[in-house]
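Report on the structure given below.
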Amino acid sequence: MKIAVTGSIAYDYLMKYPGRFSDEILPEALDHISLSFHVESMSRHWGGTAANISYTTALLKEHAILFGTVGAEDFGPYHEWLTGVGVDLGGVIELEGQYTASYFGNTDRDNNLLAAFYGGAMDAAYQYTLAG
């Protein structure tokens, strides 16, 4: 059986702010919010639904081909890691001048979350097909 896994391939950046976001928001200034948080920690993780499924499939000793678009500007370390765990990257398209999709999550001491997602190269995935 052939398995093709499509979807997101992304970096996850997780940050921790030691204070409370609510202490920084001024109710009288909600019409022009401008906030900046100095975080105490940040970590980068391999993420994206398709990449995670492909990783698990490789751990189960099954063969799946990962299909998606990534940025040539920053995919190198992720490529090495996925290849090292046995993921078939034959369907991954590296786009020059683009960055890989990225999730940025920042939590405060009360576990409130401020998050942003950058689609990057993934935003062009609809233009490609997996020939076969």
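Once each of the trypsin sites (Lys or Arg not before Pro) sitting in a DSSP loop with at most 10 other beta-carbon atoms within 10 Å is removed, the chain keeps 62-132 as its longest stretch. Each Lys and Arg contributes +1 and each Asp and Glu -1, all at the Cβ; summed about the Cα centre of the chain, the dipole is approximately 520 debye.
Toward the positive end of the charge dipole of the chain, with +1 on the Cβ of Lys and Arg and -1 on the Cβ of Asp and Glu, the farthest Cα among 7, 89, 116 is that of 89. Mind listing which GluC sites (Glu not before Pro) in the stretch 1-75 are in a DSSP loop and have 11 or fewer other Cβ atoms within 10 Å? Here the GluC sites (Glu not before Pro) that fit, given the DSSP loop and packing criteria, are 40. Near residue 95, the amide H atoms lying under 5 Å from its own belong to 70, 71, 72; only residues 5 or more places off or on other chains count, and H is placed 1.01 Å from N. The C-alpha atoms of the chain define a longest principal axis, and helix 49-59 lies at about 50 degrees to it.
Lys/Arg Cβ at +1, Asp/Glu Cβ at -1, dipole of the chain taken about the Cα centre: which of 58, 29, 39 is farthest positive-ward? With unit charges placed on the Cβ atoms, the residue in question is 58. Solvent-accessible area of the stretch 3-117 (1.4 angstrom probe, protein heavy atoms only): carbon and sulfur portion equals 53 percent.
Within the listed set 23, 110, 74, the residue fluctuating most in the Gaussian network model of the chain (springs between alpha-carbon atoms under 10 angstrom) is 23.
Of all the options 18, 27, 77, the one that moves most in a Gaussian network model of the chain with Cα springs shorter than 10 angstrom is 27. Of interest is the spacing of the C-alpha centroids, which for the stretch 71-131 and the stretch 17-63 amounts to 14 Å. Each helix, a run of at least 4 DSSP H residues, gives -39500 (n - 2.57); summed and divided by the residues of the chain, these come to -4500 deg cm²/dmol at 222 nm.
Amide H to amide H, with H built 1.01 Å from N, residue 3 comes under 5 Å of 65, counting only residues 5 or more places away or on other chains.
The values are calculated or read from the model by the stated rules, or taken from the named source; none is laboratory data. Worth saying up front: this structure is predicted, and the values here are computed from it rather than measured. Note that each Cβ is placed from the backbone with ideal geometry, even for glycine, and that neighbours are counted across all protein chains shown. Ligands, DNA and RNA are stripped out before the accessible areas are found, and what is left, the full protein with its side chains, is counted by its heavy atoms. Shrake-Rupley method; radii C 1.70, N 1.55, O 1.52, S 1.80 Å.
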